[in-house]
Amino acid sequence: MASRSVNKVILVGHLGKDAETKFTPSGVSVTRFSVATSRRWKDQQSGEWKEETEWTNVSQWRAENFAPYLTKGKQVYVEGRLQTRSYEDKDGQKKYSTEVVADDVILLGGRGEGGGGAEGGYSQEPRMVSQPRSAAPRPSGMGGGAASSPSGGSPFDAGINDDDVPF
């Protein structure tokens, strides 16, 4: 019987800073940004509510056209996989870095979201930023990036709003 494993990450959080795009020597782009996710719980001892924020580094390959939309404070949905790399620091010590390599990134609206939406900057309809890998074949070669916002209706037009999300 063949063994099976899964490496899948889903994050819904806010961008900690504007995304930055750099290019490899061969011309392939990588867009990097950080996502803040928070959790709240009630302390059993004191009865006070506590909050903890986790920062996750995210990279997305061949997505240079997304960086202008990925600005600090915007809420995003990120789907991808964990990847750990090792490197040596300036003192020769081996260090490890873990990040999410994103397959899909979707703008959900939120803080800093401009444009005609509801009060407080929240958008009524999420805008898709990257196209899911299953939606269309990706062109091969260096110019093969995903398309930006779809021109038709959103796949999220099912009448779901913030109150329907369980977290």
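The values are calculated or read from the model by the stated rules, or taken from the named source; none is laboratory data. Note that the coordinates shown come from a computational prediction; the quantities given were computed from them, not determined experimentally. Quick reminder, even Gly has a Cβ in these numbers, built from the backbone with ideal geometry, and neighbours come from all protein chains shown.
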Being at positive phi and of a type outside the set (Gly, Ala, Ser) is the filter here, so list the residues in segment 51-102 that pass it.
62
Quick check on my filter: what residues within segment 42-60 are exposed (fewer than 15 other Cβ atoms within 10 Å of the Cβ), in contact with a strand residue (DSSP E or B) (Cβ under 6 Å, 6 or more places away or on another chain) and not charged (D, E, K, R)?
49, 53, 55, 57
State the number of residues belonging to segment 13-27 that are surrounded by 15 or more Cβ atoms within 10 Å (Cβ to Cβ) and in contact (Cβ under 8 Å) with a residue 60 or more places away in the chain.
3
Would you mind listing the strands (runs of 3 or more DSSP E) fully within segment 9-67 where at least 2 residues are within 10 Å of the chain's Cα centre (by Cα)?
9-15, 29-42, 49-61
Restricting to segment 39-83, give me the number of residues that are among the hydroxyl-bearing types (Ser, Thr, Tyr), touching a Leu at 6+ places or on another chain (Cβ under 7 Å) and modelled with pLDDT under 95.
2
